[in-house]
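The values are calculated or read from the model by the stated rules, or taken from the named source; none is laboratory data. Everything quoted here is computed from the prediction, not taken from an experiment. Positions of Cβ are generated from backbone atoms using ideal geometry, with glycine treated the same way; all protein chains shown enter the neighbour counts.
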Amino acid sequence: MAIVPFDYADLSIGNYLWLPIGASILSYLLFGFKTFFGVFIGFALATIILKGSFDAVSIFSWLGRLSSSLAPIVAIMMMRFFHLSDFFDSRKVNFAHIVFLVILSSLVSTLAKFFIYPINEATISNPVVFIQSYLLGDVIGGIVFIYIAVKVFVPLMVKNKLI
């Protein structure tokens, strides 16, 4: 088993706990699609913080963040098409549908990044590891963020009649 440091330069190894995907999904569920620009700016700031500077962010990183911002919207639209979009039933959270949304958003985001990032030895050395690490990081990060948010914030929102 390889131990990968946080400042590892290989793009094919993603973050194994990517919490911003969960934040973007929750913002779309609570406030609608009008939060797209805020979600995109949040992803961009997360990238700039992780890369260390604005100059280290390439056009492919910006396109990757755009795909990360659009992936939950695409997943929600797909779930609405198949009538699986009842995330809140009578003031209760339908966690199974939200977990499916996290998995579908992660899949859409990972596949979009796979086709956006150039596949060559310098950026993606192993496509299988790239898909595995990005998908795993998005799924785990999304589920962890949504679970914590549902257990902490949703009872407060129901109490204050916000949802």
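A count restricted to the range 85-144 and to residues that are acidic (Asp, Glu) and crowded, with 19+ Cβ neighbours inside 10 Å stands at 1.
Counting residues in the range 97-113 that are of a type outside the set (D, E, K, R) and over 28 Å from ILE49 (Cβ atoms) gives one or more.
What do you reckon, is ASN126 over 16 Å from PHE40 (Cβ atoms) and in contact (Cβ under 8 Å) with a residue 40 or more places away in the chain? In short, yes.
Matching residues to (1) out of contact with any Ser or Thr (no Cβ under 7 Å at 6 or more places or on another chain); (2) of a type outside the set (Val, Ile, Thr):
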residue	(1), (2)
LEU70	yes, yes
MET78	yes, yes
LEU84	yes, yes
PHE88	yes, yes
LYS92	yes, yes
ILE98	yes, no
LEU101	yes, yes
LEU107	yes, yes
ILE116	no, no
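Scanning the range 131-152 for residues that are among the hydrophobic types (A, V, I, L, M, F, W, C) and at pLDDT 85 or above yields ILE131, LEU135, LEU136, VAL139, ILE140, ILE143, VAL144, PHE145, ILE146, ILE148, ALA149. Checking the structure you have, find out if any residue of the range 74-90 is over 21 Å from LEU19 (Cβ atoms), touching a residue at least 12 places away in the same chain (Cβ under 8 Å), in contact with a helix residue (DSSP H, G or I) (Cβ under 9 Å, 6 or more places away or on another chain) and assigned to a loop (DSSP other than H, G, I, E, B). Yes: the range 74-90 contains one or more residues that are over 21 Å from LEU19 (Cβ atoms), touching a residue at least 12 places away in the same chain (Cβ under 8 Å), in contact with a helix residue (DSSP H, G or I) (Cβ under 9 Å, 6 or more places away or on another chain) and assigned to a loop (DSSP other than H, G, I, E, B).
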